[in-house]
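The values are calculated or read from the model by the stated rules, or taken from the named source; none is laboratory data. Treat the numbers as computed from the prediction; the structure is a model and nothing was measured. For neighbour counting, all protein chains shown are included, and Cβ atoms are generated from backbone atoms with ideal geometry for every residue, glycine included. For accessibility, only protein heavy atoms count, side chains too; no ligands or nucleic acids. Shrake-Rupley method; radii C 1.70, N 1.55, O 1.52, S 1.80 Å.
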Amino acid sequence: MSDLAESDLADRILRSDRRALARAITLVESTRADHREQATVLLEELAGHGRQALRIGLSGTPGVGKSTFIESFGMLLCGQGLKVAVLAVDPSSARTGGSILGDKTRMERLTREPGAFIRPSPSQTHLGGVARRTREAVALCEAAGFDVVLIETVGVGQSETVVAELSDVFVLLLAPAGGDELQGVKRGIMEAADMIVVNKADGDLKATATRTCADYAGALRLLRKRPQDAPGFPKAMTASALEEKGLDTVWAEITALSNWRRDQGHWDARRDAQSRHWFSEEVRQALLAQLSTPEARAAMDVYAAAVASGETSAGAAAKAMLTSLQSHGESLDEGAKPA
Ligand SMILES: Nc1nc2c(ncn2[C@@H]2O[C@H](COP(=O)(O)OP(=O)(O)OP(=O)(O)O)[C@@H](O)[C@H]2O)c(=O)[nH]1
Ligand SMILES: [Mg+2]
C-alpha cells in the first residue's frame with residue numbers, strides 16, 4: 001500500500017466507512033513488518049481528529065452472558081441513535097473454538113444493525129500483542145465516529161487488566177452464585193471494576209441474583225475508595241441480558257458516572273494516565289524486542305557463558321550487553337527524536 005492509499009484509508013475511516021475500518025483493523029492486527037509500518041502511518045494520520053467515544057470495558061467468566069449482554073445492550077444503545085462498536089480482546093487460547101460462531105448467533109440482531117460494528121477477536125493472538133492491537137482498534141473506532149466502544153474480554157487471565165487500562169468505564173459481569181463462590185473473583189479485578197452487574201436475574205435465578213448482588217455490594221464497600229469513584233461507586237446491580245431487564249439502568253449509571261468524571265476532570269486525567277502507560281509499555285516492549293533478535297540472543301549467550309565460567313561478573317556483562325544494544329539502536333534511530 002502506498003502513502004496515497006493510506007491517506008485514502010484515513011479519509012474513509014473519518015467518513016465512517018465500515019469497510020475501511022475493518023481493513024484498518026486487519027492491518028493493526030497483522031504481525032507482518034510492512035503492515036505494522038502501514039498501521040503506524042495510518043494511526044499517525046488519524047491522530048488529533050478529536051473524536052472521543054465512551055469506551056466501556058466488559059469482563060466476565062465464560063458463560064456469564066457477555067455476548068448476550070452485548071447484543072441486548074448494543075441494541076438498546078442503537079435504539080437511542082448511538083453508534084456502537086464491539087471489540088473482543090481474548091487471546092485464542094482463552095476461547096473455545098466455537099465461541100465466535102456462537103457469537104454470530106448470539107449477536108444476530110446487533111450484527112444486522114446499521115449503527116453497530118462488531119469485530120470478533122482474531123484467532124492466533126498471544127496476550128503480548130493483544131494490548132496494542134486492541135488499543136489501536138479502539139483508536140480506529142473513535143476516528144470512525146463511534147459513540148460507544150464496547151471492549152469485551154473473558155475474565156480468565158491478564159486480559160482484564162488490559163481492558164481496564166483501555167476503558168473509561170469498566171464493568172464486571174457476574175453470575176448469580178452461592179455466597180462462598182464470591183471469593184472466586186480475584187481481588188484485582190474487583191478493584192478495577194466501576195460497576196458489577198449480576199446477570200441472569202430472571203426466572204429461578206432471580207432471588208439468588210439479588211442476594212449475590214447484595215453480597216458484592218458489601219464487598220465493594222470494603223474496597224479502598226479511588227479518586228475517580230463518584231458518590232455511590234463502584235456499584236453493584238442486577239440485570240437480565242436474556243430478558244433485557246435492567247439494561248437501561250446499567251446505561252443510566254454508566255452515563256451518570258462518565259458525566260461526573262468529565263465534570264470532575266477524572267475523565268481526561270484517566271485518559272492522560274492511560275496514554276502515558278501505553279507509551280511506556282510500547283517502549284518497554286520495543287526494548288524487549290531488541291533483546292530477542294538473533295544477534296542479541298547470540299550475544300546474550302556469549303556473555304552468559306562468560307559469566308558462568310567466572311570470567312566476567314554479571315553486572316559487568318550486563319553493562320556490556322546494554323552498551324552493545326545501545327550502539328545498535330543509535331545507528332537505527334538517528335533523528336527520530338521529537339523536535
Ligand atoms: N437465564 C439467563 N441466561 C442467560 C442470560 N444471559 C445469557 N444467558 C445464557 O447463558 C449462556 C451463555 O451466554 P453467552 O452470552 O454466550 O455468555 P458469554 O459470557 O459470552 O460466554 P463466552 O463467550 O463463552 O465467554 C447462554 O446459554 C445464554 O443464553 C440471562 O440474562 N439470563
Ligand atoms: Mg461470548
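Built from the Cα atoms of the stretch 196-248, the convex hull projects on average onto 3.9 nm², one quarter of its surface area.
Beyond 23 Å in Cα-Cα separation lie the following of the pairs 186/235; 83/186; 206/235; 200/235; 66/206: 83/186. Between residue 76 and residue 307, the contour length at 0.36 nm per residue exceeds the alpha carbon distance by 76.9 nm.
Residues of the stretch 132-260: accessible area per residue at 1.4 Å, in Å²? Intermediate results must be reported in sequence, preceding the final value.
Values: 5250 Å² over 129 residues.
In whole numbers, the stretch 132-260 has 41 Å² accessible per residue.
Close amide H pairs (under 5 Å, H built 1.01 Å from N) link residue 150 with 56, 85, 86, 87, residues at least 5 positions away or on another chain.
Applying 1/(1 + (r/R0)^6) with R0 = 30 Å to the Cβ-Cβ distance of residue 111 and residue 221 gives a FRET efficiency near 0.15.
Based on C-alpha pairs under 8 angstrom that are at least 6 apart in sequence, the stretch 195-258 has a relative contact order of 42 percent.
Restricting to bridges with both residues inside the stretch 136-287, how much of the DSSP beta-bridge set is antiparallel, in percent to the nearest 5? Mind dumping the intermediate values first?
On the way: 1 of 9 bridges.
The antiparallel proportion sits near 10 percent.
Taking the 1.4 Å solvent-accessible surface of the stretch 187-313 as the whole, the part contributed by carbon and sulfur is 57%. Each of the peptides 240-248, 257-265, 161-169 was scored by the mean count of other Cβ atoms within 10 Å over its residues; in descending order, highest first, they stand as 161-169, 240-248, 257-265. Amide H to amide H, with H built 1.01 Å from N, residue 245 comes under 5 Å of 240, counting only residues 5 or more places away or on other chains. Here the relative contact order of the stretch 192-339, from alpha carbon pairs under 8 Å that lie six or more residues apart, stands at 17 percent.
Tell me, in nm to one decimal, what length is gained between residue 19 and residue 284 on full extension, where the rule is 0.36 nm per residue of separation less the Cα-Cα distance? Walk me through the numbers on the way to the answer.
Working: separation 265, 0.36 × 265 = 95.40 nm, distance 3.29 nm.
Gain on stretching residue 19 to residue 284: 92.1 nm.
Take each peptide in 295-307, 39-51, count the other Cβ atoms within 10 Å of every residue, and average; sorted highest first, the result is 39-51, 295-307.
Each residue of the stretch 53-70 is assigned a 3J(HN,Hα), and the resulting list reads 9, 7, 9, 10, x, 10, 10, x, 5, x, x, 6, x, 4, 5, 4, 4, 5 Hz, derived from the Karplus form 6.51 cos²θ - 1.76 cosθ + 1.60 (θ = phi - 60°), x at Gly and Pro.
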